Structures are given as C-alpha cells and as structure tokens.
Amino acid sequence: LLEKILRVQPKVKKIYLLLRAADAKSASQRLQNEVIGKDLFRVLREKHGAGLHSFISEKVTPVPGDISHEDLGVKDSSLKDEIWREIDVMLNFAATTNFDERYDVALGINTLGALHVLNFAKKCVKIKMLVHVSTGKARLFGWPNTYVFTKAMGEMLLVNFKDSLPLVIIRPTMVASTYKDPFPGWIEGVRTIDSVIVGYGKGRVTCFISGPRSTLDVIPADMVVNAIIVAMVARAKQHSEIIYHLGSSFRNPVTVSNLHDFIFRYFSEHPWINKEGGSVKVGKGIVLTSMPKFYTYMAIRFLLPLKALQLFNTLLFKKYQDLYTVLDRRVKLVMRLADLYKPYVFFEGIFDDLNSERLRIISKETCYETDIFDFDPMNIDWEDYMMNVHIPGLVKYVMK
C-alpha cells in the first residue's frame with residue numbers, strides 16, 4: 001500500500017509509518033532495510049533515481065512503537081501530538097498471522113491492538129476514517145485457529161466501540177503474489193499454500209490432502225491494495241458499507257485439484273535445483289480425500305518404518321540416533337501442519353463478495369482509471385497466473 005500511494009499519488013502530504021522499534025534510529029533503519037530497500041520499490045527507484053531518498057524523507061515519517069500498547073507505544077510526545085494534529089486517515093495492517101500463535105501474543109496484537117489503534121484514531125482531530133485489514137472467516141463454521149479467532153474478536157471490539165468514527169473493514173482471503181502491479185510475481189514470505197508448493201517442488205511433499213469440492217480462496221496482493229484505496233474513497237463519499245470481503249471463490253474459483261495440476265506441470269517443466277546442483281524430479285503425487293486416509297497413509301508410509309528404525313537403533317546402542325531424530329521431527333512437523341491446515345483444505349464454503357462487487361461497479365462509473373485500481377477476480381486467468389506469475393515469483397523468493 002505504501003509503495004502504491006507513493007507511486008500513483010506522489011502529492012500525498014505525509015505518511016506516518018508505525019514500525020515496531022525501540023527508538024527513532026531503529027525505526028529509520030527498518031524503513032530503509034525492510035521496506036524501501038525491497039525489490040517491490042524498484043519501479044519507484046527507477047522513477048526517482050538519486051532523488052528517491054529525499055522524496056521518501058519528505059513523504060514518510062517512521063514512527064517507533066507497538067500497537068500492543070496504549071497510544072501505540074509512541075514515546076515521543078511531540079511526534080505523538082503532531083500525528084494527532086495532522087492525521088486524517090488511519091490504516092491498521094498489523095497482525096501476527098501464525099495459526100498456532102500463543103494466545104497472549106495473538107490477543108495483544110490482533111485483538112487489543114485493534115482497540116489501541118481505534119482509541120488512538122479517536123484522538124486525531126482531523127480523522128475521517130479508520131481502515132482495518134482483517135481476514136476471511138466464517139462464523140457459521142467457527143474459528144479454526146488462534147489467528148482468525150483473535151482477528152474476529154478485534155473486529156468485534158472495533159464495531160462495538162467505534163462510536164461515530166467512520167470504519168472500513170477489509171477481509172482478504174489467502175493473499176498471494178502481485179498480479180501485475182507494480183510488476184507481476186512479487187511476494188514476501190512463504191505462507192499457507194506456498195509452503196505446500198515449495199515442499200512439492202523440493203520433492204518433500206508427495207501427497208495432497210483435499211476434499212473433492214474444496215476451493216482455494218486466493219486473491220493477489222495488489223488487488224487487495226487497490227480495493228483498500230477504492231473503499232477509502234467510497235467511504236469518504238459517505239457510502240454506508242463498512243465490510244468488504246476480497247476473494248475469488250464466489251466469482252472465479254480455483255480448486256485444490258487445479259493447484260495440484262499446475263504445480264505438477266510447472267515443476268515437471270522447470271525442476272527445482274537442489275543444493276548439489278541437481279534437478280529434483282517430481283511425481284504426480286497421491287491425493288488423500290479425508291483425514292483418516294491421511295493418517296493411514298502416514299502410518300504405513302512413515303510411522304511404521306520409523307518405529308522399526310527406533311527398535312533397530314535401540315538394539316545397536318543408538319547408532320542411528322541422529323537419523324531417527326531428524327526423521328521423527330519431520331514426521332511430527334507434517335502431522336502438525338496437516339492438523340493446522342485441515343479446516344482450509346476441506347473447507348467447501350465460499351465468501352460472498354457482494355459489497356466488493358458493488359464497490360467495483362461504483363468505481364467503474366465514477367473513476368476513469370479503473371485499470372490502475374483493478375480488484376476484480378474475474379480478470380484472473382488462474383492457469384496463466386499460477387504458471388507464469390505466482391509459482392515463478394515464489395521460487396525466485398525462496399532461492400534468493
């Protein structure tokens with residue numbers, strides 16, 4: 001979002017960027033190394049050249065703090081007063097996205113952190129709205145992990161205590177690499193389906209768990225950013241909707257079996273190169289359509305041989321202890337990941353994005369630059385996106 005605003009709206013007056021840091025120097029270093037220094041900003045670097053640093057310094061003020069504290073942990077009182085005096089829109093992206101995060105950590109950031117942002121926004125004299133980035137969840141099916149549960153509670157606090165402050169809640173589903181803006185295939189981190197793709201490419205994933213009708217609700221990162229910007233404009237014009245689901249399962253679904261096919265074809269044509277410089281050969285893999293089938297497969301394929309190795313190791317006075325420890329750790333990791341992702345790979349629900357569709361219609365009627373702010377999942381050709389954009393971008397990220 002920061003990159004997009006600086007690139008398409010260079011007349012923006014000031015962006016205060018809260019960064020978890022102990023002091024101003026640390027915050028400035030994080031801004032340079034972990035934000036501006038990223039490949040994502042190469043289009044801006046090409047545009048501004050040697051003047052990029054002065055442009056960024058003029059537009060972006062790094063703020064050391066932490067949303068898990070009151071007043072966002074901002075200790076500099078003069079800076080805090082300046083922010084309260086100047087800010088007209090606040091956006092909250094901060095979250096811990098670990099599915100099995102400790103509850104105190106997840107509550108501190110995802111739930112109470114949202115409330116701290118709201119309370120801070122209320123002290124801003126020019127505030128026009130608060131934009132909160134949440135995640136897809138489904139109340140009907142419950143909340144399967146710490147992440148979505150604490151994010152849901154954060155939303156509840158915002159809606160309950162917002163008073164007269166205009167609020168926009170954005171709920172993206174699984175966020176994938178950029179579709180085209182500022183260039184295709186930019187990604188940061190390996191999450192959800194990406195860990196499966198990488199594991200398969202390396203030859204470590206040989207089976208897939210999914211229901212026969214399971215849908216992957218994926219949305220590219222740049223479409224999420226575009227929707228946020230358009231929603232902000234709509235809210236400023238007094239549109240009443242405050243919650244927008246951003247996903248693809250309703251209008252342009254892609255299934256787990258589609259993904260299985262894409263990654264098999266991709267890594268067959270472009271094999272992963274291992275540390276020894278050799279090509280990793282991948283097979284089609286086994287698709288397991290239920291958790292009992294998965295547990296049976298793991299028992300026969302891994303757990304029984306591991307038990308045999310444990311017995312053999314005991315008889316030979318721990319001669320193969322290191323090998324047993326490594327294999328045991330890998331099996332336990334696979335089992336844990338399967339339990340974590342089980343609610344997603346067997347999820348057959350879809351998220352209705354009617355509010356987002358209305359937003360798209362409004363933007364097409366009122367904005368002449370709809371291609372710059374495209375967030376329509378109907379425009380995605382999943383085969384082309386996965387084969388030529390997302391998977392190559394993911395491989396590039398992991399290999400660098």
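Points to keep in mind about this one:
- Taken as Cα centroids, segment 293-366 and segment 134-202 sit 20 Å apart, rounded to the nearest whole angstrom.
- Sequence-distant contacts, meaning Cα pairs under 8 Å at least 6 residues apart, place the relative contact order of segment 263-400 at 19 percent.
- Relative to the Cα centre, the charge distribution of the chain, modelled as +1 at Lys and Arg Cβ and -1 at Asp and Glu Cβ, gives a dipole magnitude of about 920 debye.
- Sparsely packed loop sites in segment 360-400 (the chymotrypsin sites (Phe, Trp or Tyr not before Pro) outside DSSP H, G, I, E and B with at most 15 other Cβ atoms within 10 Å) comprise TYR368.
- Segments 243-253, 159-169, 270-280 sorted - mean Cβ within 10 Å per residue, highest first: 243-253, 159-169, 270-280
- Full extension of the chain between LYS400 and ASP23 gives 132.7 nm of extra length, using 0.36 nm per residue less the Cα-Cα distance.
- Residues in segment 3-19 reached by a label modelled at ASN33 [backbone nitrogen below 16 Å; 7 Å Cα→Cβ]: 19
- Based on Cα contacts under 8 Å between residues 6+ apart, the chain shows a relative contact order of 16 percent.
- Choice from LEU359, LEU337, LEU115 showing the highest fluctuation, given a GNM over the chain with Cα pairs closer than 10 Å: LEU337
- Rounded, prolate or oblate (a/c below 1.5 giving rounded, otherwise prolate when a/b exceeds b/c) for segment 317-400 by Cα gyration tensor: prolate
- For segment 128-261: relative contact order, % (alpha-carbon pairs under 8 angstrom, 6 or more apart): 31 percent
- Projecting the Cα atoms of VAL233, LEU394, VAL331 onto the charge dipole of the chain (Cβ charges, centred on the Cα centre) puts VAL331 farthest toward the positive pole.
- Protection proxy ranking of 105-112, 298-305, by the mean of other Cβ atoms within 10 Å over each peptide's residues and highest first, is 105-112, 298-305.
- Placing a pseudo-label 7 Å from each Cα along the Cα-to-Cβ vector at SER257 and ASN388 gives an inter-label distance of 2.6 nm.
- Chain lengthening between ARG265 and GLU348 when straightened (0.36 nm per residue, less Cα-Cα): 27.4 nm
- Taking 23 Å as the limit for the C-alpha separation, the pairs LYS275/LYS396; LYS38/LYS59; LYS151/LYS364; LYS151/LYS180; LYS293/LYS396; LYS180/LYS364 exceed it in the case of LYS151/LYS364; LYS151/LYS180; LYS293/LYS396.
- Net charge of neighbours whose Cβ lies under 10 Å from the Cβ of GLU82, counting Lys and Arg as +1 and Asp and Glu as -1: 0
- Lys/Arg +1, Asp/Glu -1 at C-beta; segment 280-400 dipole; positive extreme among PHE375, SER363, TYR344: TYR344
- In plain terms, the chain from ARG330 to LYS126 could stretch by 68.1 nm, reckoned as 0.36 nm per residue minus the Cα-Cα distance.
- Each residue of segment 28-36 was assigned a 3J(HN,Hα) from its phi angle through the Karplus curve 6.51 cos²θ - 1.76 cosθ + 1.60 (θ = phi - 60°); the sequence is 5, 5, 5, 4, 6, 7, 9, 10, 4 Hz, with glycine and proline shown as x.
None of the figures in this text is laboratory data; all of them are computed from the coordinates on show. Owing to the predicted nature of the structure, the values given are computational and were not obtained by experimental measurement. Virtual Cβ from ideal backbone geometry, glycine too; neighbours counted across all protein chains shown.
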